[in-house]
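The values are calculated or read from the model by the stated rules, or taken from the named source; none is laboratory data. These numbers come from a predicted model, not from an experiment. Positions of Cβ are backbone-derived with ideal geometry, glycine not excepted, and every protein chain shown enters the neighbour counts.
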Amino acid sequence: MPTHTATVTWAANGGDTAARRFSRAHRWSFDGGVIVPASASPHVVPKPWSDESAVDPEVALVAAAASCHMLSFLYVASKDGLSVESYEDTAEGTLAKNDAGRLAITRIVLHPRIAFKGKQPSKDELDHIHHRAHEECFIASSLRTEIVVEARN
């Protein structure tokens, strides 16, 4: 089985962790060479200790779930002989207390909007493809968070 690698890099740069006065800005480096600026969310850590222009881990988790579902959907649709023209999803993650009383992303709702070329699947067929895609998605299989698909077609 493959191993997936990401490197997280942070430096104090004059901040003081003992005094809780330090930037949460850092960077993610991926095995393909992409570097992404990251930070705690300003909803969790106020500015100036967070960077609102960077990607926060919570939204990255939501994006990973949405991306995985999309890739799985495209795979399942291709197996069914469907030609997908475009796919857009504005996914939403909810940060709330879980059953243990700890903050967690407790729900992810996907809102995919898909355009097909040629044969158009019925609503029931589309729902079935989403169900199969959800079962194929590695990220969905890895999380305890509820992931809901509310297709916008």
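General remarks:
- For region 15-32, the criterion of being farther than 12 Å from ALA54 by Cα, part of a loop (DSSP other than H, G, I, E, B), within 22 Å of the chain's Cα centre (by Cα) and without any contact (Cβ under 8 Å) to a residue 24 or more places away in the chain is met by at least one residue.
- Residue match in region 117-127 (condition: over 23 Å from TRP28 (Cα atoms), over 20 Å from the mean Cα position of the chain (by Cα), in a strand (DSSP E or B) and outside the structural domain of ARG21 (by TED's automatic domain parsing)): yes
To keep it simple, each residue is scored yes or no on (1) part of a helix (DSSP H, G or I); (2) assigned by TED's automatic domain parsing to the domain that holds ILE139.
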position: SER41; (1), (2): no, no
position: TRP49; (1), (2): no, no
position: HIS69; (1), (2): yes, yes
position: LEU74; (1), (2): yes, yes
position: VAL109; (1), (2): no, yes
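- The residues listed here are PRO57, PRO46; of these, the one that is modelled with pLDDT under 95 and under 21 Å from LEU103 (Cα atoms) is PRO46.
- Considering residues of region 76-101 that are assigned to a strand (DSSP E or B) and of a type in the set (D, E, K, R) only, the residue surrounded by the most Cβ atoms within 10 Å (Cβ to Cβ): ASP89
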